[in-house]
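Since the structure comes first, as structure tokens, the remarks are kept for the end.
The values are calculated or read from the model by the stated rules, or taken from the named source; none is laboratory data. This is a predicted model, so every value here is computed, not measured. Cβ placement follows ideal geometry from the backbone for every residue including glycine, while neighbour counts extend to all protein chains displayed. For accessibility, only protein heavy atoms count, side chains too; no ligands or nucleic acids. Shrake-Rupley method; radii C 1.70, N 1.55, O 1.52, S 1.80 Å.
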Amino acid sequence: MSHGFDYSLPALRGVQAGHEYYVAMCPLRLLPRLFVFDDAELPPELRAQRTLNLARVPEIRDYITENQASYAFSAITASIDGEAHFQVSAHHQALGTLSIPMTSRFVLNDGQHRRAAIEAALETNPELGDETIAVVFYLDKDLERSQQLFADLNKHAVKPTKSLGVLYDHRDPAAVLTRELADDTRPFRGLTEMERTTISNRSLALFTLSAVYQATLALMGKRKGDAISDADKHFVREFWETSTTVIPEWEMASNRSIRSSELRRDYVHAHGVTLQAIGAAGHRLRERYPSSWKKRLVRLSTIDWRRSNVELWEGLAMTGGHMSKARQNVQLTAAYLMDVLGLPRSDS
């Protein structure tokens, strides 16, 4: 894709804030040659990007190599410290070819981890090199503008909520199962906040989709991306349905005889920390009593779940009088529930 001493890329020309920019289709094999990272030893004030977090690269690389028929990347954003020439197409003034001297310096403003992961994926599968990624090029002879671009791009980027991540994930079997639970299983049917990770007081929802997801993973003893058997799916549905009969307030919420907001206000079992703890205890219950776990689960009905029972829940699901999602609180709450269920906290 280079002619003489120039890189030549098909591109679109646009204008933002009075400055020209270009959107080019860049072959993946060209990325490692175009974009070289700033020296990580330089102090931050002299760089135009964050230092590369190498721990993130393998995950993104595997995403590419394991989903070669369906992976997708948003555009990379870069600045060109050098001259660039745009050759207008005969068909439209915004269409043409962007020619960039090889001596130019390129600075990645957004997308350095994607670039590193693509380079790693090319080492495994060089055939990917003919595929393309969109690159937005800004002309910049001043490092100050590149730094400002980085700040602006990251400041205004909105990360999807965890619930939306579960809602839109069709590769993770646990995400697929969680959406099904929200559709057809108590206490989640019609009571799950599908987009947000917080619930407003006016909402009918009892749990968030992300909370149901984490609790269901804990119930199965699985991690994100693990395969799920039909037996696991059957158990999960049966466990949550049975739990609804054991916890009267869940039954009432399912029958719409009590407001979800009242449950969240007054009970610890109406929060994600406790839901996940119940899942973790349920996993141990299934392991210990695979054929009689339902009889044991009834013991949860003896618990005083009220938040006003501070003597019990402070230090477990609550910290300083407030519900806490911290991992330690989940673990301590699960340990207490295992005690109630008559389970050893460890099989050792």
Any pair with Cβ under 8 angstrom, 6 or more apart, that starts in the stretch 287-314 at a residue that is open to solvent by less than 90 Å² (accessible area, probe 1.4 Å) and ends at one that is of a type in the set (D, E, K, R) and in a loop (DSSP other than H, G, I, E, B) | L312/D304; W313/R307
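Condition test on E249, is it surrounded by 21 or more Cβ atoms within 10 Å (Cβ to Cβ), part of a helix (DSSP H, G or I) and of a type in the set (D, E, K, R)?
yes
Looking at the stretch 43-71 only, could you name the residues that are at pLDDT below 80, open to solvent by 70 Å² or more (accessible area, probe 1.4 Å) and either in contact with a His (Cβ under 7 Å, 6 or more places away or on another chain) or part of a loop (DSSP other than H, G, I, E, B) (or both)? Walk me through how you get there before you give the answer.
So in the stretch 43-71, the residues at pLDDT below 80 come out as 43-53.
From what's left, open to solvent by 70 Å² or more (accessible area, probe 1.4 Å): 44-46, 50, 53.
Once the filter is applied, which keeps residues that are at pLDDT below 80, open to solvent by 70 Å² or more (accessible area, probe 1.4 Å) and either in contact with a His (Cβ under 7 Å, 6 or more places away or on another chain) or part of a loop (DSSP other than H, G, I, E, B) (or both), the stretch 43-71 yields R50, N53.
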In the stretch 226-237, which residues are open to solvent by 30 Å² or more (accessible area, probe 1.4 Å), part of a helix (DSSP H, G or I) and either in contact with a Lys or Arg (Cβ under 8 Å, 6 or more places away or on another chain) or touching a residue at least 24 places away in the same chain (Cβ under 8 Å) (or both)?
-> K233, R237
Output for the stretch 174-208, where each listed residue is of a type in the set (D, E, K, R) and over 16 Å from the mean Cα position of the chain (by Cα) | E180, D183, D184, R186, R189, E193, R202
Residues satisfying the stated conditions in the stretch 196-243, i.e. touching a Ser or Thr at 6+ places or on another chain (Cβ under 6 Å), among the polar types (S, T, N, Q) and closer than 21 Å to E287 by Cα = T216
Qualifying residue in the stretch 258-273 (condition: in contact with a Phe, Trp or Tyr (Cβ under 8 Å, 6 or more places away or on another chain), under 20 Å from A174 (Cβ atoms) and not basic (K, R)) | yes
